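Before any comments, here is the structure.
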Amino acid sequence: MLTLERKGLNLHVFPEKGSYSLRSIDNPHLYIEEAWLAYQLHQSLNVFAEFLQIKAVEALHLERPGKSHLAGFKIEYADRLHQVSFLVEIGLVEEFSMLLIRQSLINEGSKPVWPEKLFAGIIHQGKLGVGSAEMEPSFYTNGWQSWSPAAAYRLGEKQERSWMGPVSTPMICNPGTPITRRPNHFSSDMFACLGNLKSRMGLVAGYLSQKESFGSVESHVGRTCDLALWANSDGLRLDPGKSFQTDWASFSFTNLDDPLPFRLYLQSVSLENKVRDKAAAPLGWCSWYYYFQNVSEKDIRENLEEVARIRAAIPLNLIQIDDGFEKSVGEWMQFSPRFPNGLSPLADLITEKGFIPGVWLAPYIVEARSGLVKAHPDWLLKDRHGRHANSGFVWNWFGKALDLTNPEAAAYTDEVIRTAVQDWGFKYLKLDFLYAAAIAGRYQDPTFTRAQVLRRGLERIREAAGEQTQLLGCGCPLGSGIGLMDYMRISEDVSPEWEPSFMGQRAIFRHELDMPSARNAIRNIISRSELDGHWWGNDPDCLLVREDCKLSLPEIHSLATAIGMTGGAMLVSDRMPTLSDERREIIQALIPVIPSQPHVLDFFERKDPCMLKHSLQNSVGSWPILAAFNWENKPRDILIRADAWKFHTGKDWIAREFWSGEIYTWHGDLLMKQIAPHGVRLLTIHALSGKAIYLGSEFHFSQGFEVKSWLEDARSIKFSISLGRSARGKAFLWLPKSPAMLTQDGLELPWEATNFENVYAFAAKINGQSQFELLYAA
Ligand code: 9PG
């Protein structure tokens, strides 16, 4: 037995048993016991290290990214039957509490072998402790790619799965991860968290990168649980003398009440992938969700003009042309008749007007009607029957995919990217349907895993695009894009409807999580909000505010709240010249974008979390912002319980609700009556202390971020408001006594008393920044 202790963790490794145990030193109920190391070769049973011969055991000391170190052991096993060596590196990080494992297979024989999976840990039922003797499980599952659902499930629940089979599965699901459908049986991609709602602790299991393999997690939960974590090597052909090495697998414990429960894991992943400095989140306009594929050059020009006209009030910086300009998906250098002049004149015009020109490309997917299918059938990925592999039912037909192991196909993607950047002049690329490079199939070069094919493809894209081009990954297996993409779509598409429908049919599609809809987008916007800033800037997909769509105003408020509260990119996708003033103000209210990562208070409690809290800080102080959603199809009372939302019970509180303008005062808990179906309440709350309070405004949804300074004495308050744009609207103050005079930039400004005791309001127009001074009566 080998033992090691670091940072509150105790590791025991049993080379002869091929297993290990991990224990927390402080909490006897926090452990993994007898986790088995194993691998599976093509069409064989799992080979457990226990049955192999030990060749060598050595101490291991490795430098790790971010000036950290790994201390542990390196064990080499011989599998005489299959003539492979199995190498395990296992250890504890010196600087923080995390177990890391990496495995390799080396073909020592004279014939190829085909490894399917390498298990970093198979933990049997009852061999897992998550903080207390009693277990009340909550399993957080993260889907494979941008559009795949992410959510936490509780005891008795089933993981929600699509019923559309080959229509959606090749797009949404990693073929190496089991599609679990029974209650209490869950699976996840790359990482997962098994939480215990009793102890409020969790076990985070996941890979630090997806450069070599897509990682999978599977777990049966109950009063006792099991869990397996493995790397999919997809049956790649390992020729004699060749080796295959997994990415690092990790295990760590977390506190479910931490505002960022995955922080340690996310930071380790970020270091492992050398995540780029976060570029400022784009604020932009995108053509897709109004025009869809019918967009034309004229539409782009019309919207560009309007976005330029209103830029003082709505300072967008990106104009992104989406799908619809190309002759077909696959034929990128030829244009649709609706873009008779191609794209360079548009990119030039967008640049000339002072915006970043962006364009959509889906470099790895090919639509059936594309000329590329006939011209280069050999570039397309085949399935095991020799037919073109199915990349999912897209744009009303089954799609195909490029086989990037064909060098010509890969070179074509370089050319597409270089053309868009260098010839057309785009500085921002929305790269879509990226999963298509990694679907199941018979690749021309079978010596790569699907994850390697995709990662190498994305590295080529980054190289072809250059370091300066901003890249957004979409439909992208998450782990593959880390360190290469500046932004990543983390949700299913929004749509101008709350629930999914297809060709007017709603009943059979409404429960699908893998289809565009505002509801499906919002779920992932919240359940993946913590990734923002750690791995990239999150792209929550577009805000839609127009009147001529099927979203109700409360639904639009929910979408805007979810996008605003979680930070990241902010793009709108309406026909801009036709928006009413009221609807434009919804967009305006989200600018500037606030720092990301709210605390999702019921993250592990429900698959549709409805409690978001953000503690916004600036030079003036801090404001807790609460967003409480009603996901039900009927109006619902929302009770804000002080203990659940973690604010002081003993105080008197006051808040202004942003969307309705209602003012609430309360002591203890707050009950808000009859919140509309799919609606939200957005509150910036303040404790009443006798001192003056900036309650909020119509200027910005945060109701406080706009206040840049605040100086108060017995006779006056001096404060400044700045939004980096023009604004008009009302602001609200709670004052201990009636004001005598208010000035804005030295000029007197009218104010009024409201129906609420001690609450006063004033209307103002602000250009950039304004200085206010309020004098009390002597
Ligand atoms: C352009 C769009 C937008 C959008 C992307 C992506 O048929 N389908 O299954 C399907 C799925 C996703 C999808 C389109 C079609 O959306 O997320 O923002 O760029 O492509 O076609």
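Residues in segment 467-483 that are crowded, with 22+ Cβ neighbours inside 10 Å and either within 13 Å of the ligand (Cβ to nearest atom) or not small (Gly, Ala, Ser) (or both): Leu471, Leu472, Gly473, Cys474, Gly475, Cys476, Pro477, Leu478, Ile482. Pairs linking a residue in segment 742-756 that is in contact (Cβ under 8 Å) with a residue 60 or more places away in the chain and assigned to a loop (DSSP other than H, G, I, E, B) to a residue that is surrounded by 10 or more Cβ atoms within 10 Å (Cβ to Cβ) and hydrophobic (A, V, I, L, M, F, W, C), with Cβ atoms under 9 Å and 6 or more positions apart or on different chains, are Thr754/Ile663; Thr754/Phe732; Thr754/Ala761; Phe756/Ile654; Phe756/Ile663; Phe756/Phe732; Phe756/Trp734.
Table: residues versus (1) surrounded by fewer than 22 Cβ atoms within 10 Å (Cβ to Cβ); (2) not in a loop (DSSP other than H, G, I, E, B).
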| site | (1), (2) |
| --- | --- |
| Met485 | no, no |
| Glu512 | no, no |
| Pro516 | yes, no |
| Ile526 | no, yes |
| Arg546 | yes, no |
| Leu551 | no, no |
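Screening segment 81-148 for strands (runs of 3 or more DSSP E) wholly inside it with 1 or more residues that are under 21 Å from Thr224 (Cα atoms) returns the ranges 115-123, 128-130, 137-141.
Where strands (runs of 3 or more DSSP E) fall entirely within segment 15-54, those with at least 2 residues that are touching a helix residue (DSSP H, G or I) at 6+ places or on another chain (Cβ under 7 Å) and not acidic (Asp, Glu) are at 30-41.
Looking for something of a type in the set (A, V, I, L, M), over 17 Å from Ala628 (Cβ atoms) and at pLDDT 95 or above - is there at least one such residue anywhere in segment 698-707? Yes, some residue in segment 698-707 is of a type in the set (A, V, I, L, M), over 17 Å from Ala628 (Cβ atoms) and at pLDDT 95 or above. Note on segment 491-506: among residues that are free of Cβ contacts under 8 Å to residues at least 40 places away in the same chain and surrounded by fewer than 22 Cβ atoms within 10 Å (Cβ to Cβ), the one that is nearest to the ligand (Cβ to nearest atom) is Phe502.
Here is the figure for segment 38-62: residues that are of a type in the set (Gly, Ala, Ser), free of Cβ contacts under 8 Å to residues at least 40 places away in the same chain and under 15 Å from Leu81 (Cβ atoms) total 2. Of all residues in segment 336-370, those being surrounded by 23 or more Cβ atoms within 10 Å (Cβ to Cβ) and hydroxyl-bearing (Ser, Thr, Tyr) number 1. Out of curiosity, is Met488 at pLDDT below 95 and within 15 Å of the ligand (Cβ to nearest atom)? In short, no.
Taken residue by residue, segment 565-579 has at least one member that is in contact with a Cys (Cβ under 9 Å, 6 or more places away or on another chain), surrounded by 24 or more Cβ atoms within 10 Å (Cβ to Cβ) and of a type in the set (Asp, Glu). Filtering segment 507-537 to residues that are at pLDDT 95 or above and within 14 Å of the ligand (Cβ to nearest atom) leaves Pro516, Ser517, Ala518, Asn520, Ala521, Asn524, Ile525. The set of residues in segment 163-195 being within 19 Å of the chain's Cα centre (by Cα), assigned to a loop (DSSP other than H, G, I, E, B) and either away from the ligand (no atom under 16 Å from the Cβ) or over 20 Å from Phe393 (Cα atoms) (or both) consists of Asn174, Met190. Residue-level analysis places Phe73 outside the set of residues that are over 28 Å from Ala436 (Cα atoms), in a loop (DSSP other than H, G, I, E, B), modelled with pLDDT of 95 or more and not acidic (Asp, Glu). When Ala562 is tested against (1) away from the ligand (no atom under 16 Å from the Cβ); (2) at pLDDT below 95, exactly one condition is not met: (2).
Examine segment 437-454 for a residue that is more than 16 Å from the ligand (Cβ to nearest atom) and in a strand (DSSP E or B), and state whether such a residue exists. Looking through segment 437-454, at least one residue is more than 16 Å from the ligand (Cβ to nearest atom) and in a strand (DSSP E or B). Against the test of being out of contact with any Phe, Trp or Tyr (no Cβ under 9 Å at 6 or more places or on another chain) and within 16 Å of the ligand (Cβ to nearest atom), the options Asn294, Asn255 yield a single qualifying residue, Asn294. Restricting segment 395-410 to residues that are under 28 Å from Phe502 (Cα atoms) and surrounded by 20 or more Cβ atoms within 10 Å (Cβ to Cβ) leaves a set whose member that is modelled with the lowest pLDDT is Gly399. Suppose the filter is assigned to a helix (DSSP H, G or I), touching a residue at least 24 places away in the same chain (Cβ under 8 Å), under 21 Å from Ala279 (Cβ atoms) and within 16 Å of the ligand (Cβ to nearest atom); does Ala464 pass it? So Ala464 fails the test.
The values are calculated or read from the model by the stated rules, or taken from the named source; none is laboratory data. From a predicted model like this one, the values you see are computed outputs, not experimental measurements. Here the Cβ is made from the backbone with ideal geometry for all residues, glycine too, and neighbour counts use every protein chain on show.
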